[in-house]
Every structure is written in structure tokens, then in C-alpha cells.
Amino acid sequence: LWNEGTSNDDSFGFAVLPAGDRNYDGRFLHEGNNARFWSSTEKDSDFAYGWYFYYDYDDVGDNLYAKDIGFSVRCLRD
């Protein structure tokens, strides 16, 4: 669950869980603080875009990340 002090409001039905992420050396970090998901958009063979959700941030953002870190993946059905 999200860190204490958040509303856990899911107004959009996306049901994001704060799994955190895995850094380049395999350690898992930020459980309860954030959720990050890979986008299907790549910059090149080393970098791709991802979406991030933070427990103390009321919006979603995107950024460019190195592919040697681990984010969650959300599968969508057409």
C-alpha cells in the first residue's frame, strides 16, 4: 500500500500499486513511495520512456530512463 498520509484515491480506476523500482545493480527501492511503469516508446537501444507516480505528488509524469533499471509493466488489451 501507499505510504501513510495519502488518500489512496483511485478516481480513474487505474489501481496503481507502489511497487517501487529496481536499480541497475538489482536492488529494489522505493516500495510504498512510488510506482514506475515502462512506456512502449524507446529513444534508442539504451533508453526508453517511463511513467511515474509518487505518493506525495497528485499527478503522473513521464521521463527518459536507462533500460538497465526495472519498472513495472502494465499490459492492456485491445
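The values are calculated or read from the model by the stated rules, or taken from the named source; none is laboratory data. Computed from a predicted structure; not experimentally measured. Every residue, glycine as well, gets a Cβ built from its backbone with ideal geometry; the counts of neighbours run over all protein chains shown. Just the protein is used for accessible areas: all its heavy atoms, side chains included, with ligands, DNA and RNA removed. Shrake-Rupley method; radii C 1.70, N 1.55, O 1.52, S 1.80 Å.
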- [ ] Specify the residue that is modelled with the lowest pLDDT; the eligible residues are those in segment 16-25 that are under 16 Å from the mean Cα position of the chain (by Cα) and either open to solvent by 60 Å² or more (accessible area, probe 1.4 Å) or of a type outside the set (A, V, I, L, M, F, W, C) (or both).
- [x] 17
Open item on the list: of a type in the set (Ser, Thr, Tyr), surrounded by 10 or more Cβ atoms within 10 Å (Cβ to Cβ) and not in a loop (DSSP other than H, G, I, E, B): which single residue out of 49, 57 fits that description?
Closed with: 49
Task: Candidates 70, 50 - the one that is in contact (Cβ under 8 Å) with a residue 24 or more places away in the chain and touching an Asp or Glu at 6+ places or on another chain (Cβ under 8 Å) - done: 70
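Okay, residues lined up against (1) among the polar types (S, T, N, Q); (2) at pLDDT 95 or above:
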site	(1), (2)
2	no, no
13	no, no
32	no, no
39	yes, no
56	no, no
60	no, no
65	no, yes
76	no, no
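Scan segment 14-28 for residues that are outside any loop (DSSP other than H, G, I, E, B) and more than 13 Å from residue 54 (Cα to Cα) and jot them down.
Those that are outside any loop (DSSP other than H, G, I, E, B) and more than 13 Å from residue 54 (Cα to Cα): 22, 28.
Would you check if there is a residue in segment 3-15 being surrounded by 17 or more Cβ atoms within 10 Å (Cβ to Cβ) and within 13 Å of the chain's Cα centre (by Cα)?
Within segment 3-15, not a single residue is surrounded by 17 or more Cβ atoms within 10 Å (Cβ to Cβ) and within 13 Å of the chain's Cα centre (by Cα).
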